[in-house]
Structure formats: C-alpha cells, structure tokens
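K.L.:
The following block contains the structure, expressed as structure tokens.
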Amino acid sequence: MALLQNIKALGERAISLLQASFRDERQTLPLAGRLQIKLHEHDVYGERAIAIAQGAIACFVLALHLIAQTGDGVRFANPWVVLALVALATNSLLRLRLAKGPAARLPERALAVLNVLDAAIFLVLIWNYQFAYGHPAGGVLKAPSSSLLFALVAMRALRFDPRPVLTVGVTAVAGWALLTALAVAHDGPGAITRSYADYLASHRVLLGAEVERLTALTALIACLAVATHKARRLLSMAAHADDYAESLRAAQRHLEEANEARRKFEATVAELDRHKADLSEQIKRFDVALENMSQGLAMYDANQRLLVCNKKFAQLYRLPPELIQPGVTLRQIVAYRIANGIYAGASPEEYMSERTAPVVAASDTVHELSDGRAIAIARRPMAGGGWVTTHEDITERRRAEARIAHMARHDVLTDLPNRACLAERLEQAVACAKRGELVAIHVFDLDRFKCVNDTLGHLAGDKLLKCVGERLRAVVRETDSVARIGGDEFAIVQVALKGPADASVMAERVIETIGTPFDIDGHQASVGASVGIAIGPIDGDTSEQLMRNADLALYRAKSDGRGTYRFFEAAMDAQMRARRAMEADLRKGLTNGEFVLHYQPLVDLNTNEITGCEALIRWFHPERGLVSPAEFVPLAEENGFIVALGEWVIRQACLTAAGWPAPLKVSVNLSPAQFRNTQLASLIVSALGAAGLAPERLELEITESVLLANSEANLATLTQLRTLGVKIALDDFGSGYSSLAYLQKFPFDRIKIDRCFVRDIGASASARNIVRAMAAMANGLGMATTAEGVETEEQRAAVLSEGCSEMQGYLISRALPAPEIERLFLRRAGPANSPSAATGKPATAA
Ligand code: C2E
Ligand code: CA
Ligand code: CA
C-alpha cells in the first residue's frame, strides 16, 4: 500500500514538475516561440488524430465487411480486403507510436513512408474491388472506398503541412490513374461506362457501401472542421501576435522614450553633480575670499539674525566666537559691543536704534568708534529682507590722508604752511578783512644763510631753518600765519592791522629775532633777515599781487643793504619793469658793441711807475647814455649774462694789453658767477693765446664771495690759473666779513685794500690802523698790496707809509679809454709821476 502511495506521489510530483516547467517555459517564451510550439502540438495531435481516425475507419470498414460476409453470394470480405484493413489499422497504431507526445520531434520520413503505405493500402482495397468482383471498373464498392481515399487525403490537412497531403494525394492519384489504366487495358474503354445495375448483387453490399460512403463523408467533415478550427486558433494567435507585435512596438517606443528620458535624467543628474561640484568649489573659494578679505563682512537675514560673517568682522569688534555663529541676533552683537565700549554716536541707546533699524536702502557711513577708530560701513539690502554689511577700518587711511593733505600744504622741514597754503590764507585774510582793517604780507629771506650752509653743512642749515621757524611762530599772534615759501624764504600774513605802523613793528621784531645768533650743535650761526612788506588791500587785493609786491619790496630791502625792511611802493614796480627792460638791453648791447673797456692805471708807490691798468667796463646805452657798471654788473650777475659779458672783457683786455709795452699788466675783474662756467680756465688760456699775452701780465681780481660759493671747485680753478702764471688778486679786501680766513685758503699775489679804508685814512685812526695791519699781514704772507681809491696826496703818503706797495685812484687817473691811457701814460714808457698825472688831472679825465 505504502509503496503504491509512494509511486503515486512520485508520479504526481513528476507531473506537476513537468507541468510547471512546461507552463513556465510557455509563459516566458515570446509569442513567436509559443506559436511554434502550438504548431508542433498541432502536428503531433494532427498525426495522432490521423492515426486514430484512420485506425477507426479501418476497424469499422473491416467490421462492415465481416458483417456483410453473409451476403447474397458476393464475396465481400475476401482475404485481400481483410489484410489491407488490418495493415491499415496496424499502420495507424505505428503512426500513433511515432507521434509520441508534444515534446518529441516527429519522424517525418517514417511518417511519409507510412503515408505512402496508407495510400497504397487503399489502392489495394480499390484494386480488390475492381478485380475481385469481376467488374472491370471496380464495381459498386469501388466508389465508397475511393471516398474513403479522399477522406484519407483530407485527413492529412490536420497536419497543417502540405507534405503529407501531397504524399498521400500524389500516391492516390498516381495509383488511381494506374488502376484505371489497367482496367481500360484489360476490359477496353467500355469498362468505365458499363451500367452499375448489373452489379448490384446484394442490398447488403449496397448498404455497406452507403455506410462506408457516409463514414468517409463524416470523416471528411470532421477533419475539415477540426483543421479549420485549429487553423482559426493559430490564426487568432497570429492575430494576437500582430497585436502583440504592435504592443511590442508601442512598448519598444515607450521603452525608447523611457530610455531617452532616462538618458536625459542621467545627463541632468550628471549636470547636477557638476553643478554641485562647482558649487562646492565656489563655496570653498568664497570661504577663502571671505577669510582673506581686508574688510569685515556680515550678512543678516530679514529677522536680523547673522547668516555669515568673517574673521575680520569678529576681529574688528573683538567679538567672542559664540557671537559670530549663524543665528546670533544683531541686537546681541551690538549690545556686546556697547558693553565693551566699541560703538559710535552720542549714546549707546542711539547707537543701538541706529544699527538695528531695518536696512531698506544702500548706505555708506563712517562710524567714529569710541575707541578712536574710524570704521567705514557699507550696508546693502538683499532680496528677501536681509542685508549685507562690509566694515573697513579706515583709521590708518584717514590718518595717512590727513598726513598727505597736511604735507601738501606744509613744509616738511619746519612744518610751517607752504606757499600754496599761505596764498590761500592771504586770500582769505584779504577777503575777510573788516572795513578799515589792513592785512600785511611780510616776505623775507635769510641773509648769509648760504654761508651757514657752506661752512657748517646742510644738516646745520636745516636745523637753522627749523629754529627760524620756531622763533617766527613765537613772534606772531595766533591769528597771523607763518609760512616757509622757499629755501631760505619765509613769509608772515599779519591780519587786523590798524595801520602800516603795525607792520613795521612786526618786521622789526622779525629782523631782531632772526638776527639773534643761533646755536647749532655748539656752533654759533648768525644770519639776518631782509623783509619786504605789502599791505592789503592798498597794494593789491589778490594774493598773487600782494606776494609779488612784497617780493619787490624785499628786493629793494636787500639792495638797500640787507638787515632791513621796506614797504612796497608803486615806484618799485616801475623799477622792476625798468630792470627787466635793461636785462633785454644788455643782451642787445653786447651784439651791438655798446660796451667798451676803460682802463685805470696802477702805480708802484715806491717807484711811482705805472705797473699796469685795471680794466673797467662801460656801457654806452643808445638812449640812456653811459650806464655805470654798479648798475648793470649786479644785474648781469643775477641773470647769468655776466658769463658772456665777462668773456668779452677778458678777451678784449688781453688784446689791448698785448699792445702795451711789457711787463705792463692788465687787471680784470671776475664775478663769482663767472666761476660757474667750468670752462673759465680754458677761456682765459684761449684769450691769452689769441692775444699773445704772457700769463704773468694778466691779473684776475676776485672778491671773497668767489671763495664763499662752491669754494673747493673755485679754489681748484684759481690754483690751475695761478700755476699757469696768471696773477690772482683779492679785491675790495676788508669790505667783507671774514677776510682773514681767505688769505690762508689761497696764496694770493695781491690784496687790494678797499676804498673805504683809504677814504677815511686821514680822518680815522682806526682806518689807518686797519690799513697798516692789512699791509703788514700781506707783507708777512708775501703778498703785494694795492690801495684803492687814492684821491689825494695825503692819502698816497699815508698808504705808502703804512706799507702798501701799489696804489690806484683818481689821484693818478680815472678809468679812461685805452687810446687815452696809451696817449697819456704809456707813450712815455711807464713813469706815472708826471706832475699832471700826479695831480690827478689828466687832460681827458672828466
Ligand atoms: P672795483 O673793482 O672796486 O673797481 C674800482 C672802482 O672804483 C671803479 O668804479 C673805479 O672807477 C672806482 N675808482 C677808482 N679810483 C677811484 C677813486 O679815487 N675814487 C673813487 N671814488 N672811485 C674810484 P667803476 O668803474 O664804477 O666799477 C665799479 C665796480 O664795477 C668795480 O669795482 C667792479 O667791481 C665792477 N666792474 C667794473 N668792471 C668790471 C668788469 O669788467 N667785470 C666785472 N666783473 N666787474 C666789473
Ligand atoms: Ca677791481
Ligand atoms: Ca676794488
């Protein structure tokens, strides 16, 4: 029992497994595959149906024959028929075996053989009817059998395959044709036309034949019905296949669309990823930028809560870390700052309400914090109600700007206002002066400042200028302004004057305070001041006018002998214009030959013989007549024209002297300005060469001022000239202020004692003493001495007795044109002690 159950369970399991796999397979297969399977099933089932139908027909017909055996003498069931029908039934069984199941492939060749055999068996049956019953055309039984043959062919349609139909059909048709041909051959053409009636031997046979024919018809109908039904099913499946294909195409389209969408989606995702990467990169950069900003930055939301801020912001307001976290309120931050004294404005409350007011428009403000810093705050509203602020500590920048602004208007050394600043103040002072009030502008420069610079150095010079500035500040009232307007030039704007006398008081104070010696690093330096004053609005109502007029007054003060002050006078302006005109005339004069040299004899005091002449320049101006060198030489020195003029003098003097008997010499005056020409030495050499004059016959007269300015270079030039043999004389000795020092500096050949000592020699004992001392000193140093400006016999005697070696002056002669000199003095080969010369009344001297 148990064994049986086991086998049953096993079988069930196997079946279910098989079913499952079959079902699964079918379900998973595409429709085309399923159609294929269906077709194969139809093949198998068709084959089986053919086998069963054929077998059934064979059995039925066999039974029919056996029943009909007991007929009316007709041998219905002869052995051939039985054999054929048994063979057909056997064939059908064989066919059934070959069409084993739906999974197996059909053995088409074997089946084809069976088909041929089936048709052949029927042909055997028909042949049997045809000949066994003695009727040439097969008798009455041939017809139903042939119907069965048709059914046999039609049955093959169950296979949905033309091959079995054709196999059976061709075999049947060929067999049939053969049998007919045999019958005709055997019985003649009448065989197929003979009447059936003769052969209707038995009703039973007839009935059998009818049954056979009905059977064949039924089989035919059944086969056709089944075949068409199956065909319909397959076709409907195929139609489904179309739908399926359509839906497949639709699905394909959808799939493609979906794919496209997916691609787009993926691209979008990739794009998003890139954006994300970019964004994070940007955020990084933003963070770096934020932290490296020189400004503090803070961003607030609409609720005044901090969104973000940078370190600089925290540093600026010294905020602790907890106050720079996102979410902290502005109020908290401001409160903390107020608590720590870092706020601006009148009161903490005001500051709080100012800072926490909603930001609706962009604003730029500067907050002067209570700790002294200045913070520039720029607030910009953002979309959504928040805002962003930047904070920049501009304290240093402001200071720097203030410094620059100060520097632009002040002198660096003394920190006094500069010229531009002074001009402004002067302008203001003039504009704001009340009725009846005057404004004075004092312009002055330091006398002998250059000397301090040269002797003590530039640093000392700078210190002196600073001290001057300090002293000046002390001299003026608060409302007045002191300015430095040039190297050693200063100016004072004096306001609210009652009258010009107030300006005089100020100028005197300035002269006095600057005249007081300065102590510069232990050295005493004394300078002086010359002051020019212009009064506004009398002398002008613009700053330029006033400054220019004060300058003119200063010029006058200086030319009037320094250490003094002068008010501007309208005449000064005219004089200045005249000066300008003369400057132009000077240049023209040289080209037009308006200059001549006059010569004044120099006489040896001991021998009374003329030793040479001093060349003195004269200018015959076409309109103004004779102009004194005292008038134009300083001007030429000032504007540099002296260089050209001096060259002409040197060349002219050398040429003239070359015509004189040797060893008569010529003395030429040199201005300090001429030493600025570095070619001076070569010019002199060239002049000597051109004239053919021995260097020893040329004497150059210089004043101390040559040694004051640029002394090293000038000394070098002098030494060079002296080496050539040219004589060097120190002119106007004693009129300067530190003459003695210069005697040590350079080995002069001669000193010329200034006219002022000679003039006073008779009246003043001190003048005489000075002359004596100077002569003694010069003698001691091996230098000759010339007394200048000897006008009287007494003076001559005095200078002679005090030890001078040479004299010059009106006593002998004034400076005269060269021909006169030659006529009066040189024709007699030198002696100058002629009575007429000695009385100082030469014929032409007038
Ligand atoms: P300096 O070199 O001292 O010339 C002597 C001046 O004294 C001359 O005046 C002369 O005429 C004048 N003089 C001579 N004897 C007497 C006298 O007995 N009594 C009086 N009261 N005066 C006398 P001058 O010619 O007017 O020259 C004035 C100055 O012009 C000169 O003074 C000299 O420094 C300058 N100078 C003249 N010619 C030249 C020149 O060619 N070149 C340069 N660089 N300077 C010159
Ligand atoms: Ca001279
Ligand atoms: Ca002189």
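K.L.:
Look at region 592-617 and say how many of its residues are within 16 Å of ligand 3 (Cβ to nearest atom) and more than 17 Å from Leu824 (Cβ to Cβ).
P.N.:
Number satisfying all stated conditions: 1.
K.L.:
Still on this model: Which condition number in (1) closer than 19 Å to Gly175 by Cβ; (2) surrounded by fewer than 19 Cβ atoms within 10 Å (Cβ to Cβ); (3) modelled with pLDDT of 75 or more is the one that Val81 fails?
P.N.:
Checking Val81 against (1) closer than 19 Å to Gly175 by Cβ; (2) surrounded by fewer than 19 Cβ atoms within 10 Å (Cβ to Cβ); (3) modelled with pLDDT of 75 or more, the one that fails is (2).
K.L.:
Now for a different question. So which pairs qualify, if the first residue must be in region 648-671 and under 18 Å from Leu683 (Cα atoms), the second must be away from ligand 1 (no atom under 12 Å from the Cβ) and hydroxyl-bearing (Ser, Thr, Tyr), the Cβ gap must be under 9 Å, and the two must be at least 6 apart or on different chains?
P.N.:
Close Cβ pairs satisfying both conditions: Arg651/Ser686; Val666/Thr656.
K.L.:
Taking region 317-374 only, how many residues are surrounded by 15 or more Cβ atoms within 10 Å (Cβ to Cβ) and either outside any strand (DSSP E or B) or of a type outside the set (Val, Ile, Thr) (or both)?
P.N.:
Going through region 317-374 one residue at a time, the tally reaches 29.
K.L.:
Could I ask something else about it? So Ser735 ticks every box in (1) among the small types (Gly, Ala, Ser); (2) in contact with a Cys (Cβ under 6 Å, 6 or more places away or on another chain); (3) in a loop (DSSP other than H, G, I, E, B) but one. Which box is left unticked?
P.N.:
Tallying (1) among the small types (Gly, Ala, Ser); (2) in contact with a Cys (Cβ under 6 Å, 6 or more places away or on another chain); (3) in a loop (DSSP other than H, G, I, E, B), Ser735 fails exactly one: (2).
K.L.:
When the residues of region 529-574 are filtered to those that are open to solvent by less than 60 Å² (accessible area, probe 1.4 Å) and at positive phi, which remaining residue is modelled with the lowest pLDDT?
P.N.:
That would be Gly561.
K.L.:
Residues being touching a residue at least 40 places away in the same chain (Cβ under 8 Å) and either crowded, with 18+ Cβ neighbours inside 10 Å or within 16 Å of ligand 3 (Cβ to nearest atom) (or both): count how many of those fall in region 580-591.
P.N.:
2
K.L.:
Then there's this: Taking region 697-714 only, how many residues are under 23 Å from Tyr742 (Cβ atoms) and away from ligand 1 (no atom under 16 Å from the Cβ)?
P.N.:
Selection size over region 697-714: 4.
K.L.:
Determine if region 515-528 includes at least one residue that is at pLDDT below 90, under 22 Å from Cys421 (Cβ atoms) and open to solvent by less than 10 Å² (accessible area, probe 1.4 Å).
P.N.:
Among the residues of region 515-528, not one is at pLDDT below 90, under 22 Å from Cys421 (Cβ atoms) and open to solvent by less than 10 Å² (accessible area, probe 1.4 Å), which makes the answer no.
K.L.:
Give the residue, chosen from Val790, Val799, that is within 16 Å of ligand 1 (Cβ to nearest atom), in a loop (DSSP other than H, G, I, E, B) and open to solvent by less than 10 Å² (accessible area, probe 1.4 Å).
P.N.:
Val790
K.L.:
Can I ask one more? Is there a residue in region 193-207 that is in contact with a helix residue (DSSP H, G or I) (Cβ under 8 Å, 6 or more places away or on another chain), open to solvent by 70 Å² or more (accessible area, probe 1.4 Å), among the aliphatic types (A, V, I, L, M) and modelled with pLDDT under 70?
P.N.:
Yes: one or more hits.
K.L.:
Could you grab me the full set of residues in region 396-423 that are over 34 Å from the mean Cα position of the chain (by Cα) and of a type in the set (A, V, I, L, M, F, W, C)?
P.N.:
Residues satisfying the conditions are Val412, Leu413, Leu416, Ala420, Cys421, Leu422, Ala423.
K.L.:
Here are some residues: Asp488, Asp445. Which one is touching a residue at least 12 places away in the same chain (Cβ under 8 Å), open to solvent by less than 20 Å² (accessible area, probe 1.4 Å), under 30 Å from Glu712 (Cβ atoms) and of a type in the set (Asp, Glu)?
P.N.:
After ruling out the rest, the residue left standing is Asp445.
K.L.:
Considering each residue of region 664-696, count those that are closer than 13 Å to Cys654 by Cβ, of a type in the set (Ser, Thr, Tyr) and within 16 Å of ligand 1 (Cβ to nearest atom), and give that number.
P.N.:
Looking only at that region, the number is 1.
K.L.:
If you scan region 799-829, which residues turn out to be of a type in the set (A, V, I, L, M) and away from ligand 3 (no atom under 16 Å from the Cβ)?
P.N.:
The answer is Leu800, Leu816, Ala818, Ile821, Leu824, Leu826, Ala829.
K.L.:
Given the criteria in contact (Cβ under 8 Å) with a residue 24 or more places away in the chain and in a helix (DSSP H, G or I), does Leu234 qualify?
P.N.:
Judged against the criteria, Leu234 is a match.
K.L.:
Now for a separate question. Just to be sure before I move on: is Ser766 over 60 Å from the mean Cα position of the chain (by Cα), among the small types (Gly, Ala, Ser) and within 16 Å of ligand 2 (Cβ to nearest atom) in the structure I sent?
P.N.:
It is false that Ser766 is over 60 Å from the mean Cα position of the chain (by Cα), among the small types (Gly, Ala, Ser) and within 16 Å of ligand 2 (Cβ to nearest atom).
K.L.:
For region 629-690, please list each of the helices (runs of 4 or more DSSP H) lying entirely inside it that holds at least 3 residues being open to solvent by less than 30 Å² (accessible area, probe 1.4 Å) and either within 15 Å of ligand 2 (Cβ to nearest atom) or not aromatic (Phe, Trp, Tyr) (or both).
P.N.:
642-658
K.L.:
Output yes when any residue across region 751-773 is without any contact (Cβ under 8 Å) to a residue 40 or more places away in the chain, among the hydroxyl-bearing types (Ser, Thr, Tyr) and in a helix (DSSP H, G or I), and no when none is.
P.N.:
So far as region 751-773 goes, yes, one or more of its residues are without any contact (Cβ under 8 Å) to a residue 40 or more places away in the chain, among the hydroxyl-bearing types (Ser, Thr, Tyr) and in a helix (DSSP H, G or I).
K.L.:
Let me ask something additional. Being away from ligand 3 (no atom under 14 Å from the Cβ) and crowded, with 17+ Cβ neighbours inside 10 Å narrows it down to one residue among Ile753, Ile761; which is it?
P.N.:
Of the residues listed, the single one that is away from ligand 3 (no atom under 14 Å from the Cβ) and crowded, with 17+ Cβ neighbours inside 10 Å is Ile761.
K.L.:
Would region 707-730 turn up any residue that is open to solvent by 10 Å² or more (accessible area, probe 1.4 Å) and within 16 Å of ligand 2 (Cβ to nearest atom)?
P.N.:
Within region 707-730, one or more residues are open to solvent by 10 Å² or more (accessible area, probe 1.4 Å) and within 16 Å of ligand 2 (Cβ to nearest atom).
The values are calculated or read from the model by the stated rules, or taken from the named source; none is laboratory data. All values reported here derive from a predicted model rather than from experimental measurement. Neighbour counts run over all protein chains shown; Cβ positions are idealised from the backbone, glycine included. Note: areas computed on protein heavy atoms with side chains; ligands, DNA, RNA excluded. Shrake-Rupley method; radii C 1.70, N 1.55, O 1.52, S 1.80 Å.
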